[in-house]
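K.L.:
Sharing a structure below in structure tokens format, with a few things to ask.
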Amino acid sequence: MHYIHAARTAQQRAVRALAVRGLAHPLTHLLLAAAATAAAQAWDAGHHVTDLHPARTDRNQGG
């Protein structure tokens, strides 16, 4: 689960930077690239997208 934890952490840091600094900030770009790299490493290790983003059960499926 190391890859999944690393990917989640990188994604959370990128989202925080995006919210605080905006999309054009170099730090945001760096953290988004790190999140993409961590997600790719998790994929290469055999994890699926649903391992990183499990289905949410609190959403209204009916509209």
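Bear in mind these aren't lab numbers, they're just calculated from the coordinates by the rules spelled out. Bear in mind the structure is a predicted one, so any value in this text is a computation, not a measurement. No Cβ is skipped: glycine too gets one built from the backbone with ideal geometry, and neighbour counts run over all protein chains shown.
K.L.:
Taking θ as phi - 60°, what are the ³J(HN,Hα) couplings along region 28-42 by the Karplus curve (6.51, -1.76, 1.60), each to the nearest whole Hz, with x for Gly and Pro?
P.N.:
With coefficients 6.51, -1.76 and 1.60, one gets 4, 4, 4, 6, 5, 5, 5, 5, 5, 5, 5, 5, 5, 5, 5 Hz.
K.L.:
Let me check I've understood the local charge: for Leu27, count other residues with C-beta under 13 angstrom from its C-beta, Lys and Arg +1, Asp and Glu -1. What total comes out? Walk me through the numbers before you get to the answer.
P.N.:
On the way: positive: Arg13, Arg16, Arg21; negative: none.
My count for the surroundings of Leu27 gives +3.
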